[in-house]
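**Q** Take a look at this one; I'll ask things after.
Taken together, the values in this text are just the output of simple stated rules run on the coordinates, not laboratory data. Nothing here was measured: the structure is a model prediction, and the numbers come from that model. No Cβ is skipped: glycine too gets one built from the backbone with ideal geometry, and neighbour counts run over all protein chains shown.
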Amino acid sequence: MSNKVLSIVGPTGVGKSNLALWLARQCKDLGQSIEIISMDSALVYKGMNIGTAKPSKAEQGEVVHHLIDILDPSQNYSAAQFASDAKELITDIKLRGNIPLIVGGTMLYWRAWVYGFSNLPAANPVVRAQLDLEAAEIGWPAMHAKLAILDPVSAARLQVNDSQRVQRALEVYALTGRTLSELFEETPSLAGRKQEPNPDWVEVISLEPSDRKILHARLQERFDQMLESQLIEEVEQLRNRGDLHTNLPAIRSVGYRQVWEYLAGDVDFETMRQKAYAATRQLSKRQMTWLRAMDRQVFDPFDAEQIKLAQKKCLALLR
């Protein structure tokens, strides 16, 4: 693995972190040190621990974790930034004589790291400020309607109030005169449609349940456990700051947005729970769509024998 990097991927709630920690402990017994690079768009934020299922302080103390708690929830973190950070971290970890391990389910980050975004323009603060001003006047549904005229393909896959992605699509058009869907089509690895071979420097182990119903039941149970672990109080602390809102990527994270709506009085408790369940299922479905377009070795996380095979394969890849 001296010239390769192992990735452990999969949809939310399948035990990616558990496999990574097991692997790190096994390697430690063999005299090797693994450093985990988190590939999760929510774990980067401070003060968001319960709803993100963030590794505990004890787990982070046992195994070095990177890209966790690096930003305030008021800040943005992009796939391009992850790609840059991951590449730099991998180099540093290898120079220390340790083993880098990419772990997470934000698959757009994975593709940015592996394939890059060479044909997409970088974020432009001036254009974004102009779009924010326009949205403040007419609202994001109207901005979505504008996008539907310019780029109907992108508009069709985006929710009306998904301000972050609607803004990005409009920004790309303003900067290039071309639609985001056109640029995606020119980069097959971003389109998420065909399975393409991985570069020779990456290996992928994917935990994917053969029975979606089991995953959905576990996701509901996990969210209820988060509620019992004071997720509502965690979101309330974020709301009480006064500078955060639902247009921020951090607050749009699954679970946080739904609890935020509940605290705002927009929905009752049971509606909040059901909306969170649905959002989590939708997230796992999107992740599975990305995964099907990847060259990976698949193991069922809810089958004990499959997990043993995944563990054995990970160890073999690191030798």
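**Q** Amide H neighbours of Glu35 under 5 Å, at least 5 residues apart or on other chains, H built in the peptide plane: list them.
**A** Ile99, Leu101
**Q** Pick from Ser154, Ser56, Ser74: which is most flexible by mean-square fluctuation in a GNM of the chain where alpha carbon atoms under 10 Å apart are linked?
**A** Of Ser154, Ser56, Ser74, the most mobile in the Gaussian network model is Ser56.
**Q** Quick one: net charge around Ala122, please, counting Lys, Arg +1 and Asp, Glu -1 for every other residue with C-beta under 12 Å from its C-beta.
**A** Working: positive: Arg128, Arg168; negative: Glu171.
Once all neighbours under 12 Å are counted, the net charge is +1.
**Q** Take the eigenvalues of the Cα gyration tensor for the range 214-284, scale each by 5, and report the square roots as semi-axes in whole Å, largest first.
**A** Working: eigenvalues 83, 32, 24 Å².
Equivalent-ellipsoid dimensions as semi-axes: 20, 13, 11 Å.
**Q** Normalised by the number of residues in the chain, what is the relative contact order in percent for Cα pairs under 8 Å and 6+ residues apart?
**A** Details: 421 pairs, mean separation 86.1, N = 319.
Once divided by the residue count of the chain, the mean separation gives 27 percent.
**Q** Turning to a different aspect of this structure: Under Stokes-Einstein, with the Kirkwood radius over Cα pairs standing in for Rh, what whole-number D in µm²/s applies to the chain at 25 °C and 0.890 mPa s? Working shown, then result.
**A** Numbers: Rh = 20.8 Å.
For the chosen part, D equals 118 µm²/s.
**Q** Here is a follow-up. Per the Kirkwood formula on distinct C-alpha pairs, the Rh of the range 65-110 is how many angstrom?
**A** Working: mean 1/r = 0.0854 Å⁻¹.
For the range 65-110, inverting the mean 1/r across all distinct Cα pairs yields 11.7 Å.
**Q** Below 18 Å, Cα to Cα, which lysines can Lys46 reach? Residues fewer than 8 away in the same chain don't count.
**A** Within the straight-line cut-off, Lys46 pairs with Lys54, Lys57.
**Q** Hey, could you pull the Cα Rg and Dmax for the range 125-185, both in Å?
**A** Rg and Dmax of the range 125-185, Cα atoms, are 10.5, 32 Å.
**Q** Helix 269-292: angle to the longest alpha-carbon principal axis of the chain, degrees 0 to 90, nearest 10?
**A** 60 degrees
**Q** While we're on this one: Can you give the angle from 0 to 90° between the axis of helix 212-228 and the longest principal axis of the chain, with both taken from C-alpha atoms, to the nearest 10?
**A** 80 degrees
**Q** Would you kindly give the portion of the calculated P(r) for the range 31-135 that falls above 16 Å, as a percent of all Cα pairs? Spell out each step's value before the answer.
**A** Working: 3472 of 5460 pairs.
Counting pairs separated by more than 16 Å, the tail of P(r) holds 64 percent.
**Q** Please list, in chain and number order, the residues 5+ apart from Glu203 or on another chain whose amide H is under 5 Å from its amide H, with Hs placed from the backbone.
**A** Hits under the 5 Å cutoff: Val5, Leu6, Ser7.
**Q** How about Lys312: which lysines have a C-alpha closer than 20 Å to its C-alpha, ignoring those fewer than 8 places off in the same chain?
**A** Result set, ordered by chain and number: Lys4, Lys16, Lys28.
**Q** Measure nothing but the geometry: give the 0 to 90° angle between the long axis through the Cα atoms of 231-241 and the longest principal axis through the Cα atoms of the chain, rounded to 10°.
**A** Its long axis makes an angle of about 50 degrees.
**Q** Taking 0.36 nm per residue of sequence separation and subtracting the Cα-Cα distance, how much length would be gained by fully extending the chain between Leu133 and Ala278, in nm to one decimal? Could the numbers behind the result be given before it?
**A** Numbers: separation 145, 0.36 × 145 = 52.20 nm, distance 3.18 nm.
Gain on extension, Leu133 to Ala278, equals 49.0 nm.
**Q** Find the Rg to Rh ratio for the range 125-247, where Rh is the Kirkwood radius over alpha-carbon pairs and Rg uses the same atoms. Please list the in-between numbers first.
**A** Numbers: Rg = 19.6 Å, Rh = 18.2 Å.
Radius of gyration over Kirkwood radius for the range 125-247 works out to 1.07.
**Q** For Ser253, list long-range residues whose amide hydrogen, built 1.01 Å from N in the peptide plane, is under 5 Å from its own amide hydrogen.
**A** none
**Q** Give the aspartates and glutamates whose C-alpha is closer than 15 Å to that of Lys213, dropping any in the same chain fewer than 8 places away, or say none.
**A** Glu221, Asp300, Asp303
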